[in-house]
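The values are calculated or read from the model by the stated rules, or taken from the named source; none is laboratory data. Just so you know, these numbers come straight off a predicted model, no measurement behind them. Just the protein is used for accessible areas: all its heavy atoms, side chains included, with ligands, DNA and RNA removed. Shrake-Rupley method; radii C 1.70, N 1.55, O 1.52, S 1.80 Å.
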Amino acid sequence: MPSLKLIALLRQPGADNRAIGKPSGILFFLACLVVAGLQASWAAEDDYPAKPIQLIVPFAAGGSLDITARIVGQKLKDHLGQQIVVVNKPGAGSAVGARALAGAAPDGYTIYLASGSTFGFLHLLVPGFGYEIKDFAAIAAIATNTSVFAVNSNVPVKSLPELVAYVQKNPGKLNFCTTGLGGLNHLQFEMFKTLVKDRNNGLQLDLPHVPYNGVAPALTALKGGQVQVCTLPFSSLLTSSDGKDIRVIAVMQPQRIAAIAHVPTCAEQGFPEMDDNVALVNFTAPAGTPAPILAKWETALQKTMQDDEVRQKLKNIDVEPRFLNAKEMKEWLEGDVRKYAAIIRNANLAVK
């Protein structure tokens with residue numbers, strides 16, 4: 001190693017540093033400190049992980065992302081050799097969880113699981129949120145997560161055009177909920193409102209927004225009638241309620257979902273732009289996390305996603321396995337952030 005060669009050189013008789021007027025003993029001592037630090041760092045990376053790892057989920061327990069974290073985390077233990085502890089940190093449209101990750105030590109012991117790219121544009125939405133996409137290190141994406149439009153079963157609409165017509169005739173009668181202020185589901189609905197406005201001579205949909213901290217509380221409110229319209233990540237939680245307390249009226253992906261094959265896509269209802277809203281379920285670490293640690297995580301996730309049992313468990317909750325490595329995930333993430341940043345500005349949601 002170059003640093004060890006430096007020490008050997010400085011230890012040679014007469015090997016002082018007359019060019020800068022410093023005695024060789026001081027340089028030798030400083031070089032020893034540098035090498036000791038490097039060796040400690042290398043040892044820490046070689047021994048990683050030496051203790052349980054926290055996996056932050058920015059939504060409440062019981063939702064699709066939380067269940068995904070627990071399925072994948074259980075298998076990751078086999079490949080990383082340490083327990084993955086799921087920590088739910090809901091609030092502020094995932095800003096609470098994202099802030100906890102970005103501000104954590106970049107040592108590989110705090111990792112973040114997200115559905116989509118929200119953490120990359122929260123600084124545009126949340127006052128005082130000082131982190132941007134550069135503050136997160138991409139590890140890998142493991143699955144896709146589709147969102148849907150759903151209504152309480154008492155709302156007399158069965159399609160997006162019917163929803164628009166009903167809101168137009170009954171302004172202020174309905175409100176819509178999402179999994180968090182400024183989250184993907186919120187921005188998806190803002191995107192829909194913009195499309196309706198552009199196609200209907202400036203029609204403004206009078207639908208006040210009611211944010212919740214995750215899928216489970218939002219779905220509970222929708223089923224109970226506290227809110228009437230929702231954009232939500234699709235999961236088995238919705239499947240079991242569809243046709244009972246709620247009615248799913250559109251899916252936001254190019255193909256219909258097999259579990260609810262009777263529900264048409266947005267494109268089939270005249271809104272093809274909404275079908276490009278599939279979110280990637282992805283892992284990130286704080287920026288500055290050593291590359292060898294990120295590589296260990298990427299490899300462990302790739303092996304985990306090759307496990308048939310893990311893949312089937314994810315499919316059982318309607319999360320479709322799809323692996324992207326760090327480079328592929330980073331490219332997707334940057335493009336997705338650009339798209340939603342434009343939606344935020346167009347809807348005048350950006351903080352001043």
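For the stretch 117-264, take the convex hull of the Cα atoms, compute a quarter of its surface area, and give me that in nm², please.
Mean orientational projected area (the stretch 117-264, Cα hull): 10.0 nm².
When the accessible area of the chain is computed with all protein chains present and a 1.4 Å probe, what percentage of it is carbon and sulfur?
Taking all protein chains in place, the chain shows 53 percent carbon and sulfur surface.
In the calculated pair distance distribution of the chain, what percentage of Cα-Cα distances lie above 27 Å?
51
Helix-only estimate, please: 222 nm mean residue ellipticity of the chain, summing -39500 (n - 2.57) across DSSP H runs of length 4 or more and dividing by its residues, to the nearest 500.
Calculated mean residue ellipticity at 222 nm is -13000 deg cm²/dmol.
Cross-link candidates for LYS244: which lysines have Cα within less than 16 Å, leaving aside residues fewer than 8 places away along the same chain?
Partners within reach: LYS158, LYS223.
Which lysines have a Cα less than 27 Å from the Cα of LYS77, not counting those fewer than 8 places away in the same chain?
Partners within reach: LYS51, LYS89, LYS296, LYS303, LYS313, LYS315, LYS327, LYS330.
For the stretch 122-214, what is the accessible area per residue in Å², given a 1.4 Å probe and the full set of protein chains?
Result: 39 Å² of accessible area for each residue.
Sorted from largest down, give the three principal axis spans of the alpha carbons of the stretch 193-300, whole angstrom values.
52, 34, 29
When N is the residue count of the stretch 259-347, what does its C-alpha Rg come to as a fraction of 2.2 N^0.38 Å?
Ratio of Rg to 2.2 N^0.38 Å for the stretch 259-347: 1.38.
Please tell me the relative contact order of the chain in percent, rounded to the nearest whole number, where contacts are Cα pairs under 8 Å and at least six residues apart.
That works out to 24 percent.
Reachable aspartates and glutamates from LYS169, Cα under 14 Å, same-chain residues fewer than 8 places away excluded?
Once the sequence-local aspartates and glutamates are set aside, what remains near LYS169 is ASP206.
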